[in-house]
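Peer 1: Here it is, the structure in full.
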Amino acid sequence: MPARHLTLRILSRLGTSLVVAWASVTAAFVALHALPGRIEDILAGDVDFPGLREAIAAEWGLDRSLPAQYADFLLRLAHGDFGTSYVLRRPVIEVVGSQLRPTVELAFAAGLLAVLLAGGLALATAGRGRLAHGLASSLELVAASTPVFWLGILLLMAFSFSLRWFPVAGAKSWNALVLPAIALALPTAGLLAQVLREAMEKTLDQPFVTTVRARGVGETAIRIRHVLRHALLPAVTLGGWLIGGLLGGAVITEKVFGRPGLGTVTLGAVLTHDVPVVLAVVLLAALIHVAASTLLDILYLLIDPRLRTT
Amino acid sequence: MTASPHSAPAAVALSTEGLVGTVASVPTSVLRATRFRPRHPPRFILAAGFLAMLALVALGPGLFTRYDPLTGDFSETLKGPSWVHPFGTDRLGRDVLARTLYGTRYSLLIGLAGMAVSAAAGVLLGVLAGLRNRLLDEAVSRLFDVLSSFPGVLLAMLVVTFLGQGMANIAIAVGIAGIPKFGRVVRAQTQLVRDADYVTHAAIYGLGRSRIFLRHVLPNVLVAVPVIATIYIGNTILVVSGLSFLGLGPQPPTPEWGVMLAESRDVLRVAWWPGVFPGLAITLTVIAFSIVGGVLQKRFEGRIA
Amino acid sequence: MTDRHEPLVDIRGLSVAFPAQGDEPVVQGADLTIHPGECVALVGESGSGKSVTARSLLGLTGDGARIEAAQFRIRGRDARTFREADWRRLRGNLTGLVMQDALVSLDPLRTIGQEVGEVLTEHRLVSGGAALTERVHATLAKVGMPRPAERARQFAHQLSGGLRQRALIAAAIAAEPDLIIADEPTTALDPGIQDQVLAVLADRVREGAGLLLISHDLALVARIAHRVIVMRAGRIVDAGSTQEVLEQPRHPYTRQLLAAIPSAASRGSRLASARISAGQGSSTIEREPSPPRAAVEPRPVLEVSDIAKHYAHRAAAGQTGTFTALEGVSFTVRAGEVLGIIGASGSGKSTCAKIVLGLLEPDAGEVRLLGELWTRIPEPRRRPLRRRLQYIPQDPLSSFDPRYRVADIIAENLPDTGARGRRARVLALLNQVGLSGGVIDRHPRALSGGQRQRVAIARALAAEPALIVCDEPVSALDIGIQAQILDLLADLQGRLSTAMLFISHDWGVVQHLADRVLVFQDGRIVDQGSVADVFGSAIVNTVPGRLSAA
């Protein structure tokens, strides 16, 4: 298989993703700036006197045409300048940057936990009889149907208020991460386990598994060596959703547990129409999406040789 | 992509599409068929019964409780579950059962409205993309990509930023966030039907293009829509309640389940009941929709080979 | 090691049932012995229990199977007492399994080398990577795989069907098992390749391995089997040496099975009602003649002149080559004639069918239908003529709109008449294809394979066509049903004098039905003429060929 062909293919996918990211940021920019007069209102706050709005508009460059503002926005982006928060009056990069870490920690911990839980459950229950099937599918259904914030509330009640094992709020120590990570991970794990297990069961029905059994290979070895890899294909497809879902879910989780982080920043920015901050978050999400989809594409090629040839 | 971490489970089986225009081996649609099961499994009857009851409650919550969901009795604040107040009372002395029952209206209504937005746009765009026109397909697919490049919650938040908070706006926001997911499944379904032998054969037998589309393609795409919708509605309800919890949807004192849970957070230390029952209602509703959707899907797969 | 005279497998009174799927046993009272160096063939239609019987020798009948036997000895040991670990020691190591389609029977995500080597590492038969590689290459060479070192690094989808099947056999015999179970090992392959793959298996038998060959095809197993066992509905109905079973069939079912095989000898007679009468020493097949046919008229229905079709494909990195699907193909179908097209997969016969059906435009040449230009005209101009050209597919179910009932399917193809006349006409058509009126409101998926094919035929007839293209219409059917459908097609063709273009990979079927034959190979017509001309000397000595027709 020629490596050059593969590289070209990955690059072209990356290119498409970047175009998509650019389009989504542009759409967000246009939508947010099309709010008539709103931005000036926000900047003015409670103060009001004749000429104030015009002065503000002039100061923030809001009096110019939309294309001019957009060109300016792109130019500043190219220099790494994300603008200044309307509400906090601080550079956006500082506002977002300082809150990035706790969110990434949370999303990463929850993602890892979800993958481990889902993988373990699927390996242990796929194709192991009706009882295991029923038990696993019920567990998955309940986990995937439970809202993150309710799970968080239940965990808080049980482990923070009643048992006092974990802190109620904050992100200061590792044990403040435990409950939020579990709350965020369980629904994701339910979903992932469902896809993984169903894919494994489908694979176990395929003729080649009989061939492998006829070689004397044991049931667990069949699952690890052969079946899991097949089941990864649909699971990887889900990966894009999951990464997005973890980030979106982190917003809610942070609110439940009173954790600092991007979620709190985003929520605040949305409620106060702090356009530069919202745009920065959109840009960040779009970039993560680009990175994730490119990575997943490469993963596909690694998993399935059939995709490398055509 | 548009999912919150808690998408309706069966939704995924439907939508392995996404990234995988390239993956030949991954099935892309609802209509992979094997079994035909004519009888209702017990879980289906239970779930459907629960949903029927929910519908009744949503139509006339007053029939099931004598308390008002908005006015509280200040002598009865934060009372635990009892015969008088089976779900207890909240910190304003309002009956939690009454609020939960009245909340059914909001959650189902917003969920259905959001679903309707996703379905209407998703079917239109999905069918267009699924037809044999590469340019159209490319344009619509990229539009789906743009919409799904944000996490669903974030996209909905963005729409709320634009439209402002409130019940109708949140339905629109969640609806827009659900378009690419719905649209992709419809697109896959359209392609499957479009390439099906019976469509090719209709051409051999001399049917015109528009007649083939109206008689064979469109009906076989549309029969799938209620199934897809049932599966997705659970997810919509989850996202809606999440956004309400964040304070982006209906505002207090509206007895919406997400709003109630947000309010309960302040009293968790002393009272568990306001934080338990609305969440239970959300979870059970989502589970019921998933079960019904899943069974419908299986039945549907059996129907269409 | 087993005794030279002791059987590898000795089973008496085997019964297999799946209690979860009903009480009726899938296999009942089966006896089976296999000696070293012996090939035993297990023959039967789908659902006859032959595969389940074979899987029971590996302990692979699946979860929930209840197995009972008066005697169940494998290599002298009582297999009824085997635990999973005992079975696992046996699988691959002492008994190898070869399945039908290597594309799905080899793990598509792993290389041929990994797949062939797995049995060796699993049973710790070799130590060290170099020894493993060497053994894998040697095994691949043994099954006649060219350039084994290179093939070992490839994946199943990168090999041709024949090579893939060799790789599957290699994976089964890498540990040199003394018993090989081959479950329809050549069914998905073209005739020439079938012979090569059978030869590989026959080699193993000559080396002393026992072979259990499972097939639905009596003619095929006759070539290498020493003994034949015929199964039907879970029971063994006939067993004996190959010669005995094929030439002196005792059981009526075996006789019927043999008599129903289409061939040049069965031309002009009915298959389904054919019977073998056993005489002294030799048997004869008694057949009823088909109804008389109208003579072929000289008027052409379809004229294909010099059509060609090429496809671009990616030959090597970045470069594209052209693949010739069809080149210089010309033929004519006259009114009332049955023209057979025969060829292996990839020979261009499907491409040719698509062009004739107006689904694909040729790169060169033209097609005329009923004297009018049929190719390279816009679809709306083609449409008025479409009704005169009908089609019967291999898989009728997928050609029916899933929402439609039998009545809707057939009625859609009727000329526009009133609604009341329609139903009567549909009933008449159903009657014509041998279906009762009771199926009219049923969904095709609730019908059997044979019934579905009848519905497809009725649909084609509804349009009163001048020409019907039949694309492998019987190749998915069991032999008995196949005979009925072939009889039906012959009857209708005789009665209605509709011209037919009959495409098949099965020489027997074409010999039975066609007036003239085109032989396709690599996109070209390599031979053509009357059935007698083309097949005359080249007739493979098929089993029914040995029997003299009455």
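Peer 1: Alpha carbon centre of segment C:250-312 versus segment B:47-89: separation in Å?
Peer 2: 77
Peer 1: Sticking with this structure for a sec: What number, in percent, do you get for the relative contact order of segment C:300-549 if the mean sequence gap of Cα pairs under 8 Å and at least 6 apart is divided by its residue count? Write down the numbers at each step before the final one.
Peer 2: Numbers: 442 pairs, mean separation 68.4, N = 250.
Reported as a whole number, the value is 27 percent.
Peer 1: Going highest first, how would you order C:300-306, A:149-155 by mean Cβ packing within 10 Å?
Peer 2: Those peptides, ordered most packed to least, come out A:149-155, C:300-306.
Peer 1: Right, another one. From Cα pairs below 8 angstrom and at least 6 apart in sequence, can you work out the relative contact order of chain A, rounded to a whole percent? Each step should come with its number before you reach the end.
Peer 2: Details: 331 pairs, mean separation 85.2, N = 310.
Dividing the mean separation by the residue count of chain A yields 27 percent.
Peer 1: Follow-up. Using the Karplus curve 6.51 cos²θ - 1.76 cosθ + 1.60 with θ = phi - 60°, what ³J(HN,Hα) values do you get for each residue of segment A:214-227, in whole Hz, with x for Gly and Pro?
Peer 2: Whole-Hz 3J(HN,Hα) from phi for segment A:214-227: 5, 8, x, 6, x, 4, 5, 5, 4, 5, 6, 7, 10, 6.
Peer 1: Further question: How big is the dipole moment of segment C:109-176 about its Cα centre under a simple scheme where the beta carbon of each Lys and Arg is +1, that of each Asp and Glu is -1, and everything else is neutral? Debye, nearest 20, please.
Peer 2: It works out to roughly 180 debye.
Peer 1: Still on this model: Please list, in chain and number order, the residues 5+ apart from C:Ile181 or on another chain whose amide H is under 5 Å from its amide H, with Hs placed from the backbone.
Peer 2: Correct list: C:Gly96, C:Leu97, C:Val98, C:Leu212.
Peer 1: Tell me, what is a quarter of the convex hull surface for the C-alpha atoms of chain C, in nm² with one decimal?
Peer 2: Quarter of the Cα hull surface area: 28.9 nm².
Peer 1: Near the amide H of C:Gln521, under 5 Å away, which other amide H atoms are found, from residues 5 or more places off or on another chain, if H is placed in the peptide plane?
Peer 2: C:Val526
Peer 1: Helix C:449-462 versus the longest principal axis of chain C: what angle, 0 to 90°, nearest 10, using Cα atoms?
Peer 2: Roughly 10 degrees, rounded to the nearest 10.
Peer 1: Show me C:405-411, A:49-55, C:423-429, A:160-166 ranked by packing, highest mean number of other Cβ atoms within 10 Å first.
Peer 2: C:405-411, C:423-429, A:160-166, A:49-55
Peer 1: Next question. Going down the list A:Lys202/B:Lys181; A:Lys202/C:Lys50; A:Lys202/B:Lys298, which pairs span over 18 Å between their C-alpha atoms?
Peer 2: Cα-Cα > 18 Å for A:Lys202/B:Lys181; A:Lys202/C:Lys50; rest within.
Peer 1: Report, ordered by chain and residue number, the lysines lying within cross-link reach of C:Lys309, taken as a straight Cα distance under 19 Å and ignoring same-chain residues fewer than 8 apart.
Peer 2: C:Lys349, C:Lys354
Peer 1: Sorted by average packing, counted as other Cβ atoms within 10 angstrom per residue and highest first, what order do A:259-267, A:293-301 take? Could you put the intermediate results ahead of the total?
Peer 2: On the way: A:259-267: 24.0, A:293-301: 18.3.
Ranking the peptides A:259-267, A:293-301 by packing returns A:259-267, A:293-301.
Peer 1: Kindly provide the pair-distance distribution of segment C:300-549 built from C-alpha pairs, with 10 Å bins from 0 and whole-percent values in order of increasing distance.
Peer 2: 7, 29, 34, 22, 8, 1, 0
Peer 1: Give, in whole angstrom and from largest to smallest, the semi-axes √(5λ) of the equivalent ellipsoid of the protein assembly as shown, with λ running over the eigenvalues of the Cα gyration tensor.
Peer 2: Details: eigenvalues 760, 260, 179 Å².
Calculated on Cα positions only, the semi-axes equal 62, 36, 30 Å.
Peer 1: Counting partner chain Cβ atoms within 10 Å of every residue's Cβ in B:139-149, what's the average? Write out the running numbers ahead of the final one.
Peer 2: Working: counts 0, 0, 1, 4, 3, 1, 9, 12, 3, 7, 18.
Mean inter-chain Cβ contacts per residue within 10 Å come to 5.
Peer 1: Still on this model: For B:277-284, what's the mean count of beta carbons from other chains sitting within 10 Å of each residue's beta carbon?
Peer 2: Partner-chain Cβ atoms within 10 Å, mean over residues of B:277-284: 4.
Peer 1: Based on DSSP H runs of at least 4 residues, each adding -39500 (n - 2.57), what is the mean residue ellipticity at 222 nm of chain B after dividing by all its residues, to the nearest 500 deg cm²/dmol?
Peer 2: -20500 deg cm²/dmol
Peer 1: Moving on to the next point. Please state the shape class of chain B: rounded when a/c is under 1.5, otherwise prolate if a/b exceeds b/c and oblate if not, all from the C-alpha gyration tensor.
Peer 2: prolate
Peer 1: May I pose another question? Ranked by Cβ crowding within 10 angstrom, fewest neighbours first, how are B:Tyr67, A:Tyr70 ordered?
Peer 2: If I rank by nearby Cβ atoms, fewest first, I get A:Tyr70, B:Tyr67.
Peer 1: Then there is this: Does segment A:1-143 come out rounded, prolate or oblate by the C-alpha gyration tensor, with a ≥ b ≥ c the root eigenvalues, rounded set by a/c under 1.5 and, if not, prolate when a/b is larger than b/c and oblate if not?
Peer 2: Prolate, since a/c reaches 1.5 and a/b exceeds b/c.
Peer 1: For chain A, with a Gaussian network of springs between Cα atoms less than 10 Å apart, report the residue from A:Gln206, A:Gln194, A:Gln99 with the top mean-square fluctuation.
Peer 2: So, out of A:Gln206, A:Gln194, A:Gln99, the one fluctuating most is A:Gln206.
Peer 1: With a cut-off of 8 Å between alpha carbons and a minimum separation of six or more residues, what is the relative contact order of chain B in percent?
Peer 2: 30
Peer 1: For chain A, just say rounded, prolate or oblate: build the C-alpha gyration tensor, square-root its eigenvalues into a ≥ b ≥ c, call rounded for a/c under 1.5, and beyond that prolate if a/b exceeds b/c, oblate if not.
Peer 2: Details: a/c = 3.29, a/b = 1.61, b/c = 2.04.
Oblate, since a/c reaches 1.5 and b/c is not below a/b.
Peer 1: Which whole number gives the average count of other chain Cβ atoms within 10 Å of the Cβ atoms across peptide C:106-117?
Peer 2: Mean shielding by partner chains, rounded to a whole number: 4.
Peer 1: Can you sort A:Phe29, B:Phe182, B:Phe289 by how many other beta carbons sit within 10 Å, fewest first?
Peer 2: If I rank by nearby Cβ atoms, fewest first, I get A:Phe29, B:Phe289, B:Phe182.
Peer 1: Could you state the angle between the C-alpha long axis of helix C:112-122 and the longest principal axis of the C-alpha atoms of chain C, as a value from 0 to 90 degrees rounded to the nearest 10?
Peer 2: Between helix and principal axis, roughly 30 degrees.
Peer 1: Something else now. Report the charge-dipole magnitude of the protein assembly as shown in Debye, nearest 20, computed about the Cα centre from +1 at each Lys and Arg Cβ and -1 at each Asp and Glu Cβ. Show your work: numbers first, answer last.
Peer 2: Values: 115 positive and 96 negative charges, 221 e Å.
That gives the protein assembly as shown a dipole magnitude of about 1060 debye.
Peer 1: List, in order, the whole-Hz ³J(HN,Hα) value for each residue of segment C:74-82 obtained from phi through the Karplus relation with A = 6.51, B = -1.76, C = 1.60 and θ = phi - 60°; use x for Gly and Pro.
Peer 2: Here the 3J(HN,Hα) series is 10, 6, x, 9, 6, 6, 5, 9, 5 Hz.
Peer 1: Another question, then. Using the alpha-carbon atoms, what tilt in degrees (0 to 90, nearest 10) does helix C:129-142 show relative to the longest principal axis of chain C?
Peer 2: The answer is roughly 50 degrees.
Peer 1: How much mean residue ellipticity at 222 nm does chain C get from its helices, if each DSSP H run of length 4 or more adds -39500 (n - 2.57) and you divide by all residues, to the nearest 500 deg cm²/dmol?
Peer 2: Details: 20 runs with 180 residues, N = 550.
Mean residue ellipticity at 222 nm (helix-derived): -9000 deg cm²/dmol.
Peer 1: Shifting gears a bit: Run down the lysines and flag those whose C-alpha is under 17 Å from the C-alpha of A:Lys172, throwing out any fewer than 8 positions away in its chain.
Peer 2: The qualifying lysines are A:Lys255.
Peer 1: Which one, B:Val117, B:Ala47, B:Val96, projects farthest toward the positive side of the charge dipole computed for chain B from Cβ point charges (K/R +1, D/E -1)?
Peer 2: It is B:Ala47.
Peer 1: For A:Phe73, C:Phe520, B:Phe64, A:Phe257, what ranking results if the residue with the fewest other Cβ atoms within 10 Å of its Cβ goes first?
Peer 2: Numbers: A:Phe73 20, C:Phe520 24, B:Phe64 14, A:Phe257 29.
Listed from fewest to most nearby Cβ atoms, that is B:Phe64, A:Phe73, C:Phe520, A:Phe257.
Laboratory data are not the source of any read-out in this text; all were calculated from the coordinates shown. Every value quoted in this text rests on a predicted model; they were computed, and no experiment measured them. Note that each Cβ is placed from the backbone with ideal geometry, even for glycine, and that neighbours are counted across all protein chains shown.
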